[in-house]
Amino acid sequence: MTVIGLTTYAESARMLVWHREFALLHASYLEATERAGGVAILLPPPPAGTARAGAERAVADQVLERIDGLVLTGGADVDPARYGEAAAERTSAPRAARDEWEIALARAALQRDLPLLAICRGLQILPASRSPGARTTGRWRPPRCPTGPSPSACSGTRRRTARTSGCSRRS
């Protein structure tokens, strides 16, 4: 059994008679994971004020010991300040807890060379997950694999990152 961790929102929402915080994720992520033969595990950010909040890296390490791959799912924009940019007019409101959690997961996954798929917002997490204090120079673009069109031709962390954007013969 292949266990895939999927990051989620933690948002206030209404469901039936409840109006409270929910861990939310579009069901298509779960369906796609199952179609690929995996079992999806939801990984919501820690609620503010809990013991988990502020200990994201330690918790991320423990979580990643138990899964076979990680999907940084789409959603609201990552706070652009996290990768050295200013917010644009249409940038969505920051989700600080989700940003911190996903950055911790991405750093730990890349360090372990765990299979990683970054979708939309997840691609914004990658430059934000660089070393603390590191800034991007110019516009960040998803990396391209220099070795050819097949993601399996790439090696190590480059291969994992290349899977997020697809490999290209162009460098």
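What the table below lists for this structure:
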| quantity | calculated |
| --- | --- |
| Residue match in region 157-167 (condition: surrounded by 14 or more Cβ atoms within 10 Å (Cβ to Cβ), polar (S, T, N, Q), modelled with pLDDT of 90 or more and in contact with an Asp or Glu (Cβ under 8 Å, 6 or more places away or on another chain)) | no |
| Val78 closer than 18 Å to Ala128 by Cβ, outside any helix (DSSP H, G or I), touching a strand residue (DSSP E or B) at 6+ places or on another chain (Cβ under 7 Å) and β-branched (Val, Ile, Thr) | no |
| Condition broken by Ala32, with the remaining ones in (1) surrounded by 13 or more Cβ atoms within 10 Å (Cβ to Cβ); (2) touching a residue at least 12 places away in the same chain (Cβ under 8 Å) satisfied | (2) |
| Breaking point among (1) assigned to a helix (DSSP H, G or I); (2) of a type in the set (Gly, Ala, Ser); (3) under 19 Å from Arg130 (Cα atoms), for Ala86 | (1) |
| Subset of region 86-122 (residues that are among the hydroxyl-bearing types (Ser, Thr, Tyr) and farther than 19 Å from Leu24 by Cα) | Thr91 |
| Within region 69-97, considering residues that are basic (Lys, Arg) and without any contact (Cβ under 8 Å) to a residue 60 or more places away in the chain, the one surrounded by the most Cβ atoms within 10 Å (Cβ to Cβ) | Arg82 |
| Residue match in region 30-44 (condition: in contact with an Asp or Glu (Cβ under 7 Å, 6 or more places away or on another chain) and closer than 25 Å to Pro127 by Cβ) | no |
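The values are calculated or read from the model by the stated rules, or taken from the named source; none is laboratory data. Since the structure is predicted, the reported quantities are computational estimates derived from the model, not experimental observations. Counting neighbours? That spans all protein chains shown, and the Cβs are built from the backbone with ideal geometry, glycine included.
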